[in-house]
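S.K.: Pasting a structure below so you can have a look.
Computed from the coordinates by the stated procedures, all read-outs in this text should not be read as laboratory data. Everything numeric in this text was worked out from a predicted model, so none of it was measured. Here Cβ is always computed from backbone atoms with ideal geometry, including for glycine, and neighbour counts include all displayed protein chains.
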Amino acid sequence: MRVQVAIVGGGPAGHLLGQLLHQAGIDAIVIEQRSQDYVLGRIRAGVLEQGTTDLLDELGLGKRMHREGLVHGGFALNFGGVQHRIDLHQLTGGKRVTVYGQTELTRDLMDARATLGLRTVYEAEKVSLHDFDGVRPKVRYLRQGVTREIECDFIAGCDGFHGVSRASVPVNALQTFERTYPFGWLGILSDTPPVSPELVYANHARGFALCSMRSQTRSRYYIQCPLDDKSENWSDDAFWDELRLRLSPKLAEKLVTGPSIEKSIAPLRSFVAEPMRFGRLFLAGDAAHIVPPTGAKGLNLAASDVRYLARALAAFYAGSQAGINAYSDTCLRRVWKAVRFSWWFTSLMHKFPEGGGFAQKIQEAELDYLVHSPAAATSLAENYVGLPL
Ligand code: FAD
Ligand code: DHB
């Protein structure tokens, strides 16, 4: 089979790119190693920047997001037993974020792909990338015992951090930058009303906590936990008790608890691979970079990468190589700013084992500065809503 672009990975980056290419009249196939249900079963990101919601609107796919998503003009920082609001709308000249789960966004993209009759291969095994240093790259995979080969002009590696795309690049062609953090996030999902109408990021001497949501009746909560902890070690009651301890008393009082419907631990990592292009292979999203989740940048970065990539490929087919040549540098300028912000927000909000009382006091002083200095609050707000593309 022959297509213009073979997209490896059917997460949000791969599906968004598929839709953008279709809009540009470029023929693409999505090759995903898991089943559709598996991809939709992963509970991940929750907050979309305005740039990401605008992208969905441009694709004509924003209808359900506008109906069901929750538009937030601010969020709260909870520390020292008190809550303070960061007014995103006022500090950024009218910008907002939308709470709409990654699962829902991916479902909308999958449905649109199916309705348009665009090709997606699920449960593709042993996916391998070939000849991307030349002009006729190929992707091979095994499906139902038969090996298939797709010949293409370009490969888009949208297969996440553990995917095959980045791993296919010769080691000496790649420079990587990495920071791991000595803790994880234990997250639960529950069919209970959110404790607060807006998100709450809590700094506490016992560790970080985040109160988020998926709807008016479904909550998503996270607490910082040891890296080697297991979700099985945490009963629902133990989770709720620990969360309550990390929130200001006034907020903790309002917490409505109930049985969890999902409970899992995610490690935290900052990682960037440079460059993001090798010949005719382009990396996008988590395949090229990872940020710790504090500040919800991962999915939004995946969206900005594929927006740049779709534009570059459209320009290529219209006769200009400028876009594909600039792709890596253009993405990385934005990526590094989000890596910096996510690292900074993580460092500000979490308890570090080596930190002790001094580190806690410094964090509280910076938080106090943030909520009382319009200059500092504006910097936080403009990064949170997303830097311009
Ligand atoms: P992915 O979503 O990882 O999609 C990659 C796809 O490629 C997957 O479907 C995978 O099955 C497929 N694939 C992998 N290998 C192959 C292969 N060899 N062949 C074919 N297909 C393959 N971000 C936030 O902003 N907020 C959050 O709260 C948040 N929570 C997170 C929690 C967890 C546990 C994780 C892992 C990430 C979280 N993130 C969060 C980050 C966010 O979910 C990612 O940035 C986002 O999913 C990136 O999308 P992607 O399409 O690049 O990668
Ligand atoms: C969510 C996750 C985040 O990392 C964040 O900063 C905000 C919200 C969430 O899953 O809802």
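S.K.: How would you rank 190, 379, 320, going from fewest to most other Cβ atoms within 10 Å of each one's own Cβ?
M.R.: Details: 190 23, 379 15, 320 12.
Ordered from fewest to most neighbouring Cβ atoms within 10 Å, 190, 379, 320 come out as 320, 379, 190.
S.K.: For the residues 29, 155, what sequence is obtained by ranking on other C-beta atoms within 10 Å, fewest first?
M.R.: Arranged by neighbour count, lowest to highest, 29, 155 become 29, 155.
S.K.: Let me ask something additional. On each of the three principal axes of the Cα atoms of the stretch 58-120, give max minus min coordinate, whole Å, ordered largest first.
M.R.: In descending order, the Cα extents are 53, 25, 17 Å.
S.K.: Related question: Let me test this: with uniform point scatterers at the alpha carbons of the stretch 1-138, what is the Debye-based log₁₀ I(q)/I(0) at q = 0.11, 0.15, 0.20 1/Å?
M.R.: The Cα Debye sum returns log10 ratios of -0.52, -0.82, -1.18.
S.K.: Which whole number of Å³ per residue matches the convex hull of the alpha-carbon atoms in the stretch 313-389?
M.R.: Working: hull volume 8.3 nm³, N = 77.
Spelled out: Cα convex hull of the stretch 313-389, divided by residues, is 108 Å³.
S.K.: If you don't mind, another one. Taking the 0 to 90 degree range and rounding to the nearest ten, how far is the long axis of helix 322-349 tilted relative to the main principal axis of the chain, both from C-alpha atoms?
M.R.: 20
S.K.: Once both axes come from the Cα atoms, what is the angle between helix 374-385 and the longest principal axis of the chain, in degrees from 0 to 90, rounded to 10?
M.R.: Taking Cα atoms only, the helix is inclined about 40 degrees.
S.K.: Oh, and also: For the chain, take the longest principal axis of its alpha carbons; what is the angle in degrees between that and the long axis of helix 298-317, to the nearest 10 within 0 to 90?
M.R.: 20
S.K.: Kindly provide the pair-distance distribution of the stretch 48-201 built from C-alpha pairs, with 10 Å bins from 0 and whole-percent values in order of increasing distance.
M.R.: 8, 23, 27, 26, 13, 3, 0
S.K.: What relative contact order, as a whole-number percentage, does the chain give when Cα pairs under 8 Å and 6 or more residues apart are counted?
M.R.: Numbers: 778 pairs, mean separation 80.4, N = 389.
Relative contact order here is 21 percent.
S.K.: Using alpha carbon centroids, what distance separates the stretch 331-348 and the stretch 172-247, in Å?
M.R.: Taking the Cα centre of the stretch 172-247 as reference, the centre of the stretch 331-348 is 20 Å away.
S.K.: State the Kirkwood hydrodynamic radius of the stretch 1-72 in Å, one decimal place, computed from all pairs of distinct Cα atoms. Can you show the working numbers first?
M.R.: Details: mean 1/r = 0.0728 Å⁻¹.
In the stretch 1-72 this quantity evaluates to 13.7 Å.
S.K.: Taking the Cα atoms of the stretch 344-389, what is the range of coordinates along each of the three principal axes, in descending order and whole Å?
M.R.: That works out to 37, 23, 8 Å along the principal axes.
S.K.: So what's the projected area for the stretch 271-337, the Cα convex hull averaged over all directions, in nm²? Each step should come with its number before you reach the end.
M.R.: Numbers: hull surface 16.4 nm².
Average of the hull's projected areas for the stretch 271-337 equals 4.1 nm².
S.K.: Let me ask something else. Can you show me the helix-derived [θ] at 222 nm for the chain, built from DSSP H runs with n ≥ 4 at -39,500 (n - 2.57) apiece and divided by the number of residues, rounded to the nearest 500.
M.R.: -11500 deg cm²/dmol
S.K.: If you don't mind, there's one more thing I want to ask. Apply the a/c threshold of 1.5 to the C-alpha gyration tensor of the stretch 240-389 and tell me whether it is rounded, prolate or oblate.
M.R.: Note, shape of the stretch 240-389 comes out prolate.
S.K.: Just rank 189, 245, fewest to most, by other beta-carbon atoms within 10 angstrom.
M.R.: Ranking 189, 245 by Cβ neighbours within 10 Å, fewest first, gives 245, 189.
S.K.: Given q = 0.06, 0.09 Å⁻¹, what are the Debye log10 I(q)/I(0) values for the chain, with equal point scatterers placed on the Cα positions and solvent ignored?
M.R.: -0.24, -0.53
S.K.: So what's the gap between the Cα centers of the stretch 71-116 and the stretch 43-66, to the nearest angstrom?
M.R.: Centre-to-centre distance over Cα atoms comes out at 10 Å.
S.K.: Quick one: pull the percentage of alpha-carbon pairs in the stretch 206-318 with a separation above 15 Å. Could the numbers behind the result be given before it?
M.R.: On the way: 4658 of 6328 pairs.
Here the tail beyond 15 Å accounts for 74 percent of pairs.
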